[in-house]
Amino acid sequence: MMHAKVYFDSWANLMTPMNQPVYRLPIFNREVGDAYNQAIETILSHPQLCTFKYILTVEHDNLPPPDGLLKLYESIDKYDAVGGLYWTKGDLGQPMIYGNPKEMPKNFIPQKPIPETVQECNGLGMGFTLFKVSMFAKLPKPWFKTLQEYAPNSGARAATQDLYFFQNAGREGFRFACDTRVRVGHLDLKEGTVW
């Protein structure tokens, strides 16, 4: 089920580039990392979809602005993925723009957003993110993995599917940014609050 506010107030009004093909590929009832892997596999193995230049991920609780995709197109040239700015849910929410690539060692500490700019980062959430299709052929599978494990010799490791992807892709030299002009609402489906 998709919340009516998400579909009618946001997704139905999302502008797409004129005279360009667009295909929507919904994935339901899968663990989130598996869902993203299935979507990418489907796109790369399809004779027409594999020729598309970009993949836009949009999650079921995100409310992008009508011109959000057009702005991401404007800002992706120097990057391999660029996302809209949104926050984790709750009163203590944080911006989902992780790590400053100029700081060493590389980290995924949330950055303070700089308004109205394209801000380079080490990782993003995937609620409204534009990826270059070409990068997926250059990365090992699985691209996305929700990681929660413990190994006696190395300790505990945990990562959401998005930061797992961005950490691995960043090691391969791919670059990412957040377009802070694209402010994306994050809907709490139970409370109806938009963060």
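The values are calculated or read from the model by the stated rules, or taken from the named source; none is laboratory data. Here the structure is a predicted model, which means the values were calculated and not measured. Ideal geometry is used to build each Cβ from the backbone, glycine not excepted, and the neighbour counts take in all protein chains shown.
Filter segment 78-92 for residues that are charged (D, E, K, R) and touching a Phe, Trp or Tyr at 6+ places or on another chain (Cβ under 7 Å); which is surrounded by the fewest Cβ atoms within 10 Å (Cβ to Cβ)? Ranking the qualifying residues of segment 78-92, first place goes to K89.
Each row is one residue, and each column tells you yes or no for (1) over 23 Å from T16 (Cβ atoms); (2) of a type outside the set (S, T, Y); (3) touching a Cys at 6+ places or on another chain (Cβ under 6 Å).
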| residue | (1), (2), (3) |
| --- | --- |
| H46 | no, yes, no |
| D67 | no, yes, no |
| E74 | no, yes, no |
| D80 | no, yes, no |
| K89 | yes, yes, no |
| K112 | yes, yes, no |
| C121 | yes, yes, yes |
| F128 | no, yes, no |
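Here F136, F131 are screened, and the one residue that is of a type in the set (F, W, Y) and either in a helix (DSSP H, G or I) or modelled with pLDDT under 95 (or both) is F136. Taken across segment 168-175, residues that are surrounded by 13 or more Cβ atoms within 10 Å (Cβ to Cβ), within 12 Å of the chain's Cα centre (by Cα) and either not β-branched (V, I, T) or not in a strand (DSSP E or B) (or both) do not occur at all.
Would segment 83-91 turn up any residue that is hydroxyl-bearing (S, T, Y) and farther than 23 Å from T193 by Cα? Among the residues of segment 83-91, not one is hydroxyl-bearing (S, T, Y) and farther than 23 Å from T193 by Cα, which makes the answer no.
Can you find a residue in segment 176-194 that is more than 26 Å from K71 (Cβ to Cβ), touching a strand residue (DSSP E or B) at 6+ places or on another chain (Cβ under 7 Å) and not in a loop (DSSP other than H, G, I, E, B)? Within segment 176-194 (the criterion being more than 26 Å from K71 (Cβ to Cβ), touching a strand residue (DSSP E or B) at 6+ places or on another chain (Cβ under 7 Å) and not in a loop (DSSP other than H, G, I, E, B)), the answer is no, since none of the residues qualifies. Against the definition (aliphatic (A, V, I, L, M), closer than 16 Å to T57 by Cβ and in a loop (DSSP other than H, G, I, E, B)), how does M126 come out, yes or no? It is true that M126 is aliphatic (A, V, I, L, M), closer than 16 Å to T57 by Cβ and in a loop (DSSP other than H, G, I, E, B). Filtered by the rule that a residue be within 18 Å of the chain's Cα centre (by Cα) and either exposed (fewer than 11 other Cβ atoms within 10 Å of the Cβ) or part of a loop (DSSP other than H, G, I, E, B) (or both), segment 155-167 gives a lone residue, T160.
This table checks each residue for (1) of a type outside the set (F, W, Y); (2) outside any loop (DSSP other than H, G, I, E, B).
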{"residue": "N100", "(1), (2)": "yes, no"}
{"residue": "M104", "(1), (2)": "yes, no"}
{"residue": "F108", "(1), (2)": "no, no"}
{"residue": "P113", "(1), (2)": "yes, no"}
{"residue": "E116", "(1), (2)": "yes, no"}
{"residue": "E120", "(1), (2)": "yes, yes"}
{"residue": "E149", "(1), (2)": "yes, yes"}
{"residue": "N153", "(1), (2)": "yes, no"}
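Applying the criterion of being outside any strand (DSSP E or B) and β-branched (V, I, T) to the residues of segment 27-77, the residue that is surrounded by the fewest Cβ atoms within 10 Å (Cβ to Cβ) is T51.
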